[in-house]
Amino acid sequence: MNVEQNPSPALPCAVVRDLLPLYLEGLTSPQTDQAVETHLELCPNCAQYKAALTAPLSSPEQTADQREPDYLKTIRRRGLRRTVLTAFGVVLAMLLLFCAKLFYIGSPAQAEELLWRTEQQKEDCLTLFVSTSSSGAAFRGWQVERQGDTAVISLRKTLASSLFGGSGQAAMDIPLEDLRQIELCGALVWQDGESIPRETWLAWQAATPYTGDAAALGKLAQALNVGALCGEFTSSLQTDEAPYAWTLHFSQVPQDAPLLDRQMERLAYQMLALVDNLEQVRWTYPQYGGHQVSRTLTLQQADYRLSVYNSRQERLKSYSQSPADLERLRQTVAAEDFPINP
């Protein structure tokens, strides 16, 4: 007679976990195996416990191998962090140096960048006022050095900054005892008792020996500010034979022709003095109706008028020997009683 086999009753989790080691070794009966498997299918916790029992154990070598990539990653992360911090530090240091160069250290100022004037309220002391033509510039590091009979003044030019200080203007008192001249960043601003304005120094710097050097004459005309004072012009030169001449051709009809003549004649004295072999300065301008006016100042005329005015023998070319001499010429021909275009 066949005996009917009843299905295995459900096993509790504790029993299943006790049986799992035997089950995994194959030491349990088929009925027990079926009951355990049925329980594992229905119980995720026990199934996870079984998976943990069957997972391969890691060897010490495997653990070390697993830790090694993490260690290398840590080293690389630290190295990258150091590299980034170092690069940031270098950039920051360069930025600070750049700012220090622009706003504090600066560069030696050039005379062409400066405006100046002088006052002498005391016989033995000169007050020098210096400023810059640029609103964004400042000066610092003023130094006055005595070199024989010359006081040499130097300073540095920086960008203006409320953080770093500095100013675009200054005034200083300079004792004149045993001094012959005062030099400011390469420019003579006082010489032999004569204050040298910026315009005079620029004109004296533009002196040239030859009438045939058109580029040099253009620089001289610019230094004398001919265009702004008299109007637009073109130049023609006579250099193939004496008398060597420089002619300025003004293109517009002047609003005040006598004023243009007086202004050009005063400039012509300086042109004749500052171009060594120049003997005549001419200028022309149109009038309404098509008539062309031409004027001339010769070296002989200039010498004669200076001699009469100063009551002594004069040579115009001698006024180009120094900035002080040129300034005296400028003051002479600018005087109201000087015989301009008689």
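With the cut-off at 1.5 for a/c, could you classify the range 105-150 from its C-alpha gyration tensor as rounded, prolate or oblate? Because a/c hits 1.5 or more and a/b fails to exceed b/c, the range 105-150 counts as oblate.
The listed peptides 259-270, 198-209, 140-151, ordered by packing as a protection proxy, come out as 259-270, 198-209, 140-151 (highest mean of other Cβ atoms within 10 Å first). Relative intensity of the range 284-329 on a log10 scale, I(q)/I(0) at q = 0.15, 0.23 Å⁻¹, equals -0.54, -0.79, per a Debye sum over C-alpha point scatterers of equal strength in the absence of solvent.
With a cut-off of 14 Å between beta carbons, the residues surrounding residue 339 carry a summed charge of -3, where Lys and Arg count +1 and Asp and Glu -1. Computing P(r) over Cα pairs in 10 Å bins from 0, in percent for the structure here picks out one of [x] 5, 16, 16, 13, 9, 5, 4, 4, 4, 4, 5, 6, 5, 3, 1, 0, 0; [y] 5, 20, 25, 22, 14, 8, 4, 2, 0; [z] 5, 24, 32, 23, 11, 4, 1, 0, namely [x]. Only Cα pairs under 8 Å and 6+ residues apart enter the sum, and on that basis the relative contact order of the chain stands at 10 percent. With a cut-off of 8 Å between alpha carbons and a minimum separation of six or more residues, what is the relative contact order of the range 113-240 in percent? Relative contact order of the range 113-240: 19 percent.
In summary, the aspartates and glutamates within cross-link reach of residue 122, defined as a Cα separation below 17 angstrom excluding same-chain residues under 8 places away, comprise 173, 177, 178, 192, 194.
With an a/c value of 1.5 or above and a/b not larger than b/c for the gyration tensor axes a ≥ b ≥ c computed over the alpha-carbon atoms, the range 158-225 is described as oblate. The dipole here belongs to the chain: it is taken about the Cα centre, uses +1 on the Cβ of Lys and Arg and -1 on the Cβ of Asp and Glu, and is about 240 debye. DSSP bridge analysis restricted to the range 206-342 gives an antiparallel fraction near 70%, rounded to the nearest 5. These residues, 249, 39, 291, go from largest to smallest accessible area, 1.4 Å probe, as 291, 249, 39. Label reach from residue 242 (point 7 Å along Cα→C-beta): in the range 189-220, amide nitrogens under 15 Å belong to 211.
For the range 237-250, the Karplus equation 6.51 cos²θ - 1.76 cosθ + 1.60, evaluated at θ = phi - 60°, returns couplings of 10, 10, 10, 7, 7, 6, x, 6, 10, 10, 10, 10, 9, 7 Hz by residue, with Gly and Pro reported as x. Calculated mean residue ellipticity at 222 nm for the chain: -13500 deg cm²/dmol, from DSSP H runs with n ≥ 4 weighted as -39500 (n - 2.57), summed, divided by the residue count and rounded to 500. Less than 5 angstrom separates the built amide H of residue 132 from those of 115, all sequence-distant by 5 or more or on a different chain.
Please compute the net charge surrounding residue 195, taking Lys and Arg as +1 and Asp and Glu as -1 over other residues with Cβ under 15 Å from its Cβ. Taking every Cβ under 15 Å from that of residue 195, the sum is -3. In this label model, residue 143 and residue 34 are separated by 10.8 nm, measuring between points 7 Å along each Cα→Cβ vector.
Subtracting the Cα-Cα distance of residue 92 and residue 293 from 0.36 nm times their residue separation leaves 65.7 nm of extension gain. The DSSP beta bridges internal to the chain are antiparallel in roughly 80% of cases.
Applying 1/(1 + (r/R0)^6) with R0 = 51 Å to the Cβ-Cβ distance of residue 55 and residue 83 gives a FRET efficiency near 0.80. Straight-line cross-link reach from residue 50 at under 16 Å between alpha-carbon atoms covers these aspartates and glutamates, not counting any fewer than eight positions away in the same chain: 18, 25, 33, 37, 41. Farthest towards the positive end of the charge dipole of the chain, among the residues 128, 142, 109, is the Cα of 142, using unit charges on the Cβ of Lys, Arg, Asp and Glu.
Within the shell defined by Cβ-Cβ distances under 11 Å, the residues around residue 151 carry a net charge of -3, with Lys and Arg each +1 and Asp and Glu each -1. Placing a pseudo-label 7 Å from each Cα along the Cα-to-Cβ vector at residue 257 and residue 171 gives an inter-label distance of 4.7 nm.
Using only side-chain charges placed at the Cβ, +1 for Lys and Arg and -1 for Asp and Glu, the dipole size of the range 118-228 relative to its Cα centre rounds to 640 debye. Measuring nothing but protein heavy atoms, the accessible surface of the chain at 1.4 Å probe radius is 53 percent carbon and sulfur.
The values are calculated or read from the model by the stated rules, or taken from the named source; none is laboratory data. What you are looking at is a predicted structure, and each value in this text was computed from that prediction instead of being measured. Counting neighbours? That spans all protein chains shown, and the Cβs are built from the backbone with ideal geometry, glycine included. Accessible surface is based on the protein model in full, side chains and every heavy atom, while ligands, DNA and RNA are left aside. Shrake-Rupley method; radii C 1.70, N 1.55, O 1.52, S 1.80 Å.
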